[in-house]
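All remarks here apply to the structure that follows.
The values are calculated or read from the model by the stated rules, or taken from the named source; none is laboratory data. Computed from a predicted model, the values in this text were never measured in an experiment. Positions of Cβ are generated from backbone atoms using ideal geometry, with glycine treated the same way; all protein chains shown enter the neighbour counts.
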C-alpha cells in the first residue's frame, strides 16, 4: 500500500456515508453503495444463458470456492456475487469488490472463453481492497462509537451486517479498543 492509503480509505468510508445521508457510525449496506456507485450487482441465476450445470456448480457444490467477481464492461463494471454465502459474508464480498472499483485497480485481465473477466492476482491491490473493504464496512468512527458505549463485538456485528470475525479484525488492526480505553483514563 502506498503511504497514506489507510487514511484515505477511512475518508472514503466516511464520504460515502455522508453522500448517502448516513452518520459515520451508521450501517452502510454494500448493495446500496453499489447502487450509489452505479455498479449493477448480479447473481449467477441472473444469467439465463449460463448452463444449468455451471449454475449448479457455482451455487451448489462449488459455492465455497468463490465469493464475488468484478467484470469490466465498456469502462464500467458489474459485480457477480455468491448469494449462497451468509448475508454478512455477502456484505464483506461486495465491499471488497467495490474497493477494487473505487481504487481503480486495473490489473491485466484473464480471459475465460474469450470473455475478459478476472483480474490477475496483484498482492498490493488485494491488500488495498481488503483494507478499504473493511473500512467501508466498519470504519474507525463506527467502531469507536460502539466501543465507547460498551457494545460488544457480537452486537456490533449484528448492527452492521458484519461477521464477528470481521469486527474483531477491524478492532485489532485499527487499534481502536486501545484508543477508547486510553481516552477513558
(message) Can you find a residue that is surrounded by 13 or more Cβ atoms within 10 Å (Cβ to Cβ) and in contact with a strand residue (DSSP E or B) (Cβ under 7 Å, 6 or more places away or on another chain) anywhere in the range 84-93?
(response) yes
(request) Any chance you could count how many residues in the range 40-66 are within 22 Å of residue 161 (Cβ to Cβ) and outside any helix (DSSP H, G or I)? (result) 5
(request) Give the range 134-164 a look and list any residue that's under 19 Å from the mean Cα position of the chain (by Cα), in a helix (DSSP H, G or I) and closer than 23 Å to residue 16 by Cβ, or say none. (result) 134, 135, 136, 137, 140, 141, 142, 143, 156, 157, 158, 159
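Hey, can you tell me all the residues within the range 165-185 that are assigned to a helix (DSSP H, G or I) and exposed (fewer than 12 other Cβ atoms within 10 Å of the Cβ)?
To start, the set of residues in the range 165-185 that are assigned to a helix (DSSP H, G or I) comprises 165-174, 176-184.
Once the filter is applied, which keeps residues that are assigned to a helix (DSSP H, G or I) and exposed (fewer than 12 other Cβ atoms within 10 Å of the Cβ), the range 165-185 yields 172, 178, 181, 182, 183, 184.
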(message) Just to be sure before I move on: is residue 89 without any contact (Cβ under 8 Å) to a residue 12 or more places away in the chain and under 26 Å from residue 1 (Cβ atoms) in the structure I sent?
(response) no
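Restricting to the range 67-83, and then to whatever is in a loop (DSSP other than H, G, I, E, B) and at pLDDT 90 or above, can you tell me which residue is surrounded by the most Cβ atoms within 10 Å (Cβ to Cβ)?
Within the range 67-83, the first condition is being in a loop (DSSP other than H, G, I, E, B), and the residues that meet it are 67, 74-75, 82-83.
Right, trim to at pLDDT 90 or above and you get 67, 82-83.
Details: 67: 16, 82: 20, 83: 18.
Filtering the range 67-83 for residues that are in a loop (DSSP other than H, G, I, E, B) and at pLDDT 90 or above, the one surrounded by the most Cβ atoms within 10 Å (Cβ to Cβ) comes out as 82.
Residue-by-condition table, conditions (1) within 20 Å of residue 79 (Cβ to Cβ); (2) surrounded by 14 or more Cβ atoms within 10 Å (Cβ to Cβ); (3) in contact with a helix residue (DSSP H, G or I) (Cβ under 9 Å, 6 or more places away or on another chain):
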| residue | (1), (2), (3) |
| --- | --- |
| 5 | no, yes, yes |
| 14 | no, yes, yes |
| 19 | yes, no, yes |
| 22 | no, yes, yes |
| 29 | yes, yes, yes |
| 33 | yes, yes, yes |
| 38 | yes, no, no |
| 54 | yes, no, yes |
